[in-house]
Amino acid sequence: RRHRPPMEVEGAALLYTLATLAITFAGFAALLLILRQLAGGSLTALDRFLARTVVAHCVWFALGALTPPLLALFDLPKSVVWKTSALVFGLPMLALLLSFQHRRIKATGHGAPPFILVVMVGLGSLSLVAMIAAEWFGFAAAGSYAAALLFNFGTLALSFLVALEVILRERSRES
């Protein structure tokens with residue numbers, strides 16, 4: 001009997017690109033903070049929290065992007081690949097988002113601005129719940145999974161840029 005290679009999962013190229021983007025962005029975010037420290041600025045509690053959050057979320061995005069292709073290597077039915085991936089990525093990511101404000105207050109003494117809470121936490125969580133519902137109760141497909149992953153990556157990137165702008169504004173007022 002001839003062995004056939006496993007089929008590539010739908011949207012694999014997009015998922016691999018998202019994994020690459022997530023890791024690249026994590027490195028970029030960490031590099032920005034390191035460069036600022038090398039320029040003579042000290043890292044604040046907010047800087048450290050921001051770096052940890054961006055790196056942790058980006059690593060989770062990369063792992064989430066690689067989960068469907070990994071599961072597909074086991075010759076599982078497509079619906080099992082997408083439903084399992086939705087839970088393996090979606091539930092921990094939802095926990096990360098919903099615990100964000102608590103972790104930020106604990107680390108910095110201050111909550112996040114409303115914009116960050118609405119965009120990253122609120123809309124990000126909503127997209128994950130919609131993705132899990134679509135995969136489990138609607139149709140198990142690459143589209144809703146990749147869309148939720150990309151949307152959450154986008155909200156993190158936007159939130160990072162907003163936070164960076166706030167930090168830079170505070171630094172310029174101090175000097």
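The values are calculated or read from the model by the stated rules, or taken from the named source; none is laboratory data. In this text the structure is predicted, and so the values were computed from the model without any measurement. Here the Cβ positions follow ideal geometry from the backbone for every residue, glycine too, while neighbour counts run over all protein chains shown. Surface accessibility is based on the protein's heavy atoms, side chains included, excluding ligands, DNA and RNA. Shrake-Rupley method; radii C 1.70, N 1.55, O 1.52, S 1.80 Å.
Annotations
- In this structure, residue 83 does not satisfy being charged (D, E, K, R), surrounded by fewer than 17 Cβ atoms within 10 Å (Cβ to Cβ) and at negative phi.
- Residue that is farthest from residue 9 (Cα to Cα), among those in region 35-78 that are among the polar types (S, T, N, Q) and open to solvent by less than 60 Å² (accessible area, probe 1.4 Å): 44
- Restricted to region 6-28, and to residues there that are of a type in the set (Gly, Ala, Ser) and over 13 Å from the mean Cα position of the chain (by Cα), the residue that is most open to solvent (accessible area, probe 1.4 Å) is 13.
- Meets criteria (at pLDDT 95 or above and closer than 21 Å to residue 167 by Cβ) for residue 129: no
- Pair list, Cβ under 8 Å, 6 or more apart: region 92-117 residue touching a residue at least 24 places away in the same chain (Cβ under 8 Å), other residue surrounded by 15 or more Cβ atoms within 10 Å (Cβ to Cβ) and assigned to a loop (DSSP other than H, G, I, E, B): 100/112; 104/112
This table checks each residue for (1) closer than 18 Å to residue 83 by Cα; (2) open to solvent by 20 Å² or more (accessible area, probe 1.4 Å); (3) β-branched (Val, Ile, Thr); (4) part of a helix (DSSP H, G or I).
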site: 127; (1), (2), (3), (4): yes, yes, no, yes
site: 137; (1), (2), (3), (4): yes, yes, no, yes
site: 140; (1), (2), (3), (4): yes, yes, no, no
site: 147; (1), (2), (3), (4): yes, yes, no, yes
site: 150; (1), (2), (3), (4): yes, yes, no, yes
site: 156; (1), (2), (3), (4): no, no, no, yes
site: 160; (1), (2), (3), (4): no, no, no, yes
site: 165; (1), (2), (3), (4): no, yes, no, yes
site: 170; (1), (2), (3), (4): no, yes, no, yes
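- As for region 117-124, it holds at least one residue that is open to solvent by 70 Å² or more (accessible area, probe 1.4 Å), at pLDDT 95 or above, of a type in the set (A, V, I, L, M, F, W, C) and closer than 21 Å to residue 25 by Cα.
- Looking across 95, 146, 142, one residue alone is touching an Asp or Glu at 6+ places or on another chain (Cβ under 7 Å) and either of a type outside the set (S, T, N, Q) or over 19 Å from residue 69 (Cα atoms) (or both). It is 142.
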